[in-house]
1. Residue by residue through the stretch 34-52, note down the ones that are over 12 Å from the mean Cα position of the chain (by Cα) and either more than 21 Å from Val79 (Cα to Cα) or surrounded by 22 or more Cβ atoms within 10 Å (Cβ to Cβ) (or both).
2. Specify the residue that is farthest from the ligand (Cβ to nearest atom); the eligible residues are those in the stretch 6-33 that are modelled with pLDDT of 95 or more and surrounded by fewer than 17 Cβ atoms within 10 Å (Cβ to Cβ).
3. Filter the stretch 30-49 for residues that are touching a helix residue (DSSP H, G or I) at 6+ places or on another chain (Cβ under 7 Å) and outside any loop (DSSP other than H, G, I, E, B) and give the result.
4. Could you list, ordered by first residue, the pairs with Cβ atoms under 7 Å in which the first is in the stretch 123-143 and under 19 Å from Gly13 (Cβ atoms) and touching a residue at least 24 places away in the same chain (Cβ under 8 Å) and the second is within 14 Å of the ligand (Cβ to nearest atom) and assigned to a strand (DSSP E or B), at least 6 apart or interchain?
5. Let me spell it out: the conditions are (1) modelled with pLDDT of 95 or more; (2) out of contact with any helix residue (DSSP H, G or I) (no Cβ under 6 Å at 6 or more places or on another chain), and Asn68 meets all of them except one. Which number is the exception?
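The values are calculated or read from the model by the stated rules, or taken from the named source; none is laboratory data. It should be emphasised that the depicted structure is a prediction, and the values quoted were computed from it without experimental measurement. Methodologically, a virtual Cβ is constructed for each residue, glycine included, from the backbone with ideal geometry; neighbour enumeration extends over all protein chains shown.
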Amino acid sequence: MNNQREKIGVYPGSFDPVTLGHLDIIERSARMFDKLIVAVLDNRSKKALFTADERVKIIQNETKHICNVEVMQFDGLSVDFAKAQGSRTLVRGLRAVTDFEYELQMAQTNHAMSTEIDTIFLTTDLKYAYLSSSIVKEVASFGGDISQFVTPAVRALLEAKYAIKED
Ligand code: ADP
């Protein structure tokens, strides 16, 4: 079932939109695998600012320089997606203790559902420890400066989204 010649990691998330914190995790985890798949969750029950297609394109654009990164979208369980891609490893980022309880529960549930899948955690770079997509969206929605949280391209897209929303 699993082609173990190639080590594939799957980094699942909403990435609505991708922040410098996510990009740091992508860069660091890409070094651990032959291929890293950034898996954008197309969760219809969770209202996203950017469509899944937009989120995929944004990440593709921001990771062009990392040749072993592939960006895909998925719907459903991360473990099922990982298995379908021939991966046994999910990657998640940990910011603070507040992330820990939820992430531990998720990792244990995923492992119970699929014992061959493990989750590895990378701790955030301290300078991004407070960063989340929701906080960035909130600051952007009030016209605040988000240049230290996201790339220039993402900043322009966020500003455009909120400018349109205000009209
Ligand atoms: P989800 O909807 O699954 O929480 P997110 O897009 O918010 O998706 O986050 C995806 C993953 O990236 C999660 O493991 C989250 O903890 C991690 N993450 C989010 N922000 C940061 C950050 N600033 N530094 C490191 N990891 C982060």
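1. Answer for the stretch 34-52, where residues must be over 12 Å from the mean Cα position of the chain (by Cα) and either more than 21 Å from Val79 (Cα to Cα) or surrounded by 22 or more Cβ atoms within 10 Å (Cβ to Cβ) (or both): Lys47, Ala48, Leu49, Phe50, Thr51.
2. Applying the filter and picking the extreme gives Lys7.
3. From the stretch 30-49, those touching a helix residue (DSSP H, G or I) at 6+ places or on another chain (Cβ under 7 Å) are 36, 38-40, 42, 49; that's our starting set.
Selection gives Leu36, Val38, Ala39, Val40.
4. Pairs that qualify, where the first residue is under 19 Å from Gly13 (Cβ atoms) and touching a residue at least 24 places away in the same chain (Cβ under 8 Å) and the partner is within 14 Å of the ligand (Cβ to nearest atom) and assigned to a strand (DSSP E or B), are Thr123/Leu94; Thr124/Gly93; Thr124/Leu94.
5. Condition not satisfied by Asn68: (2).
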